[in-house]
Amino acid sequence: MVESPGLATFAGDAGGSDQELVDQALAGRREATETLAQRHRQAAYLLALQLLGNRDDAMDVAQEAMLRFFASLGTFDRERRVQPWLFTIVRNQVRDLWRRRQRRPGDGLSEAGEALTRQLVDLTANPEADLRRRELKQRVWRALAALPAAKREIIVLRDFHDLSYSDIAQVLDIPIGTVMSRLHGARQQLRAQLQAGGRHA
Amino acid sequence: MPEQCGRTFGEALLSGYLDGTLVQGDEQRVRLHLEDCESCRTLVDGLAAVKETIMTSTFDMPPDNEWSEGPSTGSSRVARGVGWPLVIGWAVLVCGYAVWEGWQESENLVERLILVGGVSGLGLLFLGVLLDRLKAMKTDPYREVQK
């Protein structure tokens, strides 16, 4: 189980910066490749899950994204961070999947929202508080799943994965100057959706 | 957001304020405005609550054994790339030689038809499997996965 934003390390991480690990992986060190994979694959899976809502599809996308990530390691710009680069691959894979299935990003969102909320877990020992918190989280993730893809991904990248505005601009391939306004618009729509849902509940 | 709140900056700055990404001047402007404007304060508090809910969400993760695959090494890809043409070349040569020898030694038409028919059938089956494999390779997401 993984809680945001604690995605940076995993049990048994041998350490070293991502850039160092990339250099070692390119030099053929198998352990460096394994460490990079273990350090980032969970975040890749979670992003795919949050965009697709389906566990099996998310696993397929994350596996494929990791393979492409390693296949393109030779062209990686060392000035950039690994995670935004991997997220760009995940996002492209998700879009490819929608295209292959000839679905628009908004199709099947209610099922996706339900499936996504089933993957939520609670970690506290207080059942009453857990129930309230769980219901709130379910409402929020259901509303997120119902947002247009462009709005859902920017919120998820910022608020769950804790990416900086410049990293978000890189992943979404948009100017950094538009990140704040697009993010605010997405947050406003999410809030409006939650308020509308609250009134109907 | 009500327009009459007297805000003198773009509303998107409220998200920048929430994320702590504003430059000092903008941050101060927003902070001073929030001290006087209840509607903007309500909006920021609401956005902050949603952000906190997303941030603290936890998801069930797939078990480690589902992640046991790793990228295949360059050497294994090269070995596989060289191995297949060698196997195909060997099969063509051996079959061709066998057909030639059989043709030379057979004395009547029925024997020759049985020989050519059998080998052609096997060859076509092999070709069918090969073409299917080549087609699958282009779309198989697990082709570079090492179990």
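Every number in this text was worked out from the coordinates using simple rules, so none of it is lab data. In this text the structure is predicted, and so the values were computed from the model without any measurement. When we count neighbours, we look across all protein chains shown, and the Cβ atoms used for this are built from the backbone with ideal geometry, even at glycine.
Net charge near residue B:100, counting Lys/Arg +1 and Asp/Glu -1 over other residues with Cβ under 15 Å of its Cβ? Net local charge, residue B:100 excluded: -2. Once the C-beta distance of residue A:20 and residue B:65 is scaled by a Förster radius of 30 Å, the resulting FRET efficiency is 0.60 to the nearest 0.05. Projected label points at residue B:133 and residue A:29, each 7 Å from Cα along the beta carbon direction, are separated by 3.7 nanometres. Efficiency by 1/(1 + (r/R0)^6): what FRET value for residue A:173 and residue A:101, r their Cβ-Cβ distance, R0 = 25 Å, to the nearest 0.05? The computed FRET efficiency comes out at 0.65. Computed from label points 7 Å out along Cα-Cβ, the spacing between residue B:5 and residue B:100 is 8.8 nm. Each of B:103, A:141 was scored by other Cβ atoms within 10 Å of its Cβ. Arranged with the fewest first, they read B:103, A:141. Name the long-range amide H neighbours of residue B:59: under 5 Å, sequence gap of 5 or more, or other chain; modelled H, no Pro or chain starts. Amide H to amide H, under 5 Å and 5 or more residues apart or across chains, residue B:59 pairs with A:2, A:121.
With neighbour counts taken as other beta-carbon atoms within 10 Å, the residues A:87, A:76, B:59 rank, fewest first, as A:76, B:59, A:87. Residues B:37, B:5 in ascending order of nearby Cβ atoms (within 10 Å, fewest first): B:5, B:37.
Taking label positions 7 Å along the Cα-Cβ direction at both residue B:122 and residue A:181, the computed distance is 7.2 nm, reported to one decimal.
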